[in-house]
1. Mind checking which residues of the range 3-29 are exposed (fewer than 12 other Cβ atoms within 10 Å of the Cβ), in a helix (DSSP H, G or I) and not polar (S, T, N, Q)?
2. Is there any pair linking a residue in the range 43-65 that is hydroxyl-bearing (Ser, Thr, Tyr) to one that is surrounded by 10 or more Cβ atoms within 10 Å (Cβ to Cβ), with Cβ under 8 Å and at least six apart or on different chains, and which?
3. Identify all residues within the range 30-39 that are in a loop (DSSP other than H, G, I, E, B) and either touching a Pro at 6+ places or on another chain (Cβ under 9 Å) or touching a residue at least 12 places away in the same chain (Cβ under 8 Å) (or both); write none if there are none.
Amino acid sequence: MQHIFSPKQKSVIALEAIKGVQANNQLSSKHDVHPIKIGLWKKTILDNAHLLFEHSKDKALKEKQELIDGLYKILGQRDVEIEWLKKKLHLDS
């Protein structure tokens, strides 16, 4: 029967393989997973490690930009409301 590993389990096993304390065959026996799968998980981590840092930076910038855009929208609405009130109350100067 094939065992289904969670992403967390895969990452733990792959990180053990990256550390190199034990060979993939030893890890295979220890975790009951094929050594080729361990190699694939290890490769996935090594190929995509840079994304951990890019996403956090991009996400923070995106959140800040959304906040700024929202604030500009509110300011624009307030300007329109103030101009409308001035016209309505005949306070044009």
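The values are calculated or read from the model by the stated rules, or taken from the named source; none is laboratory data. No experiment lies behind these values; they were computed from the predicted model shown. Positions of Cβ are generated from backbone atoms using ideal geometry, with glycine treated the same way; all protein chains shown enter the neighbour counts.
1. Across the range 3-29, the qualifying residues are Pro7, Lys8, Lys19.
2. Close Cβ pairs satisfying both conditions: Thr44/Ala14.
3. Asp32, Val33
To keep it simple, each residue is scored yes or no on (1) at pLDDT 90 or above; (2) loosely packed, with under 10 Cβ neighbours inside 10 Å; (3) closer than 23 Å to Gln9 by Cβ; (4) out of contact with any strand residue (DSSP E or B) (no Cβ under 8 Å at 6 or more places or on another chain).
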{"position": "His34", "(1), (2), (3), (4)": "yes, no, yes, yes"}
{"position": "Gly39", "(1), (2), (3), (4)": "yes, no, yes, yes"}
{"position": "Asp47", "(1), (2), (3), (4)": "yes, yes, yes, yes"}
{"position": "His55", "(1), (2), (3), (4)": "no, no, yes, yes"}
{"position": "Leu61", "(1), (2), (3), (4)": "no, no, no, yes"}
{"position": "Glu66", "(1), (2), (3), (4)": "yes, no, no, yes"}
{"position": "Asp79", "(1), (2), (3), (4)": "yes, no, no, yes"}
{"position": "Glu83", "(1), (2), (3), (4)": "yes, no, no, yes"}
{"position": "Ser93", "(1), (2), (3), (4)": "no, yes, no, yes"}
